[in-house]
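The values are calculated or read from the model by the stated rules, or taken from the named source; none is laboratory data. If you're wondering where the values come from, they're calculated on a predicted model, not measured in any experiment. No Cβ is skipped: glycine too gets one built from the backbone with ideal geometry, and neighbour counts run over all protein chains shown.
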Amino acid sequence: MPLLGSRAMRIFQYPGCSTCRRASKFLAAAGASVESIDLVVHPPSADTLKDLHQRSGLPLKKFFNVAGRSYRGGNFKKRLPGMSEAEQFAALAADGKLIKRPIFDTGDQVLVGFREAEWTEALG
């Protein structure tokens, strides 16, 4: 598996998500070999999410799928501001559908959501 940095490239995605399918097609067309991880079947651990978050440089809230049923059903809009970081990571690790997708880990950087120009730049 090619390395762009010190780590193998990974995409955390949900096969039922149209944006994730577009992102996977983009990576395939770019000739990128990546490990694909189904967020629903194998949600990342709190420690993995913490690492992805730190390397992304994004606010933790950006890791929440605010348009999803899990977010709305769990009343996270109201609950999130009062939750500790540890509680937020635990909630994300417990429900893969709560996680914003796709997450692209190039090894050096972490991109959340699919924006083709950003992903093109990340691939070099």
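See the values below:
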| item | result |
| --- | --- |
| Members of the stretch 30-52 that are aliphatic (A, V, I, L, M), within 20 Å of Gln88 (Cα to Cα) and surrounded by 15 or more Cβ atoms within 10 Å (Cβ to Cβ) | Leu39, Val40, Ala46, Leu49, Leu52 |
| Matching residues in the stretch 76-124 - criterion: being part of a helix (DSSP H, G or I) and in contact with a Ser or Thr (Cβ under 6 Å, 6 or more places away or on another chain) | Ala93, Lys97, Leu98, Ala122 |
| Pairs, first part of a helix (DSSP H, G or I) in the stretch 22-50, second of a type in the set (D, E, K, R), C-beta under 8 Å, six or more apart | Phe26/Glu116 |
| Tally, over the stretch 58-68, of residues that are part of a helix (DSSP H, G or I) and surrounded by 13 or more Cβ atoms within 10 Å (Cβ to Cβ) | 3 |
| Residue in the stretch 108-119 that is over 15 Å from the mean Cα position of the chain (by Cα) and more than 18 Å from Gln13 (Cα to Cα) present | yes |
| Failed condition for Arg55, given (1) surrounded by 12 or more Cβ atoms within 10 Å (Cβ to Cβ); (2) in contact (Cβ under 8 Å) with a residue 40 or more places away in the chain; (3) of a type in the set (D, E, K, R); (4) touching a Phe, Trp or Tyr at 6+ places or on another chain (Cβ under 9 Å) | (4) |
| Hits in the stretch 72-102 - residues which are surrounded by fewer than 17 Cβ atoms within 10 Å (Cβ to Cβ), closer than 14 Å to Thr48 by Cα and free of Cβ contacts under 8 Å to residues at least 40 places away in the same chain | Glu85 |
| Residue in the stretch 38-52 that is small (Gly, Ala, Ser), modelled with pLDDT under 95 and more than 17 Å from Gly113 (Cβ to Cβ) present | no |
| Of the criteria (1) surrounded by 11 or more Cβ atoms within 10 Å (Cβ to Cβ); (2) modelled with pLDDT of 95 or more; (3) not basic (Lys, Arg), which one Met9 fails | (2) |
| Residue check for Asp105: surrounded by 15 or more Cβ atoms within 10 Å (Cβ to Cβ) and of a type outside the set (Phe, Trp, Tyr) | yes |
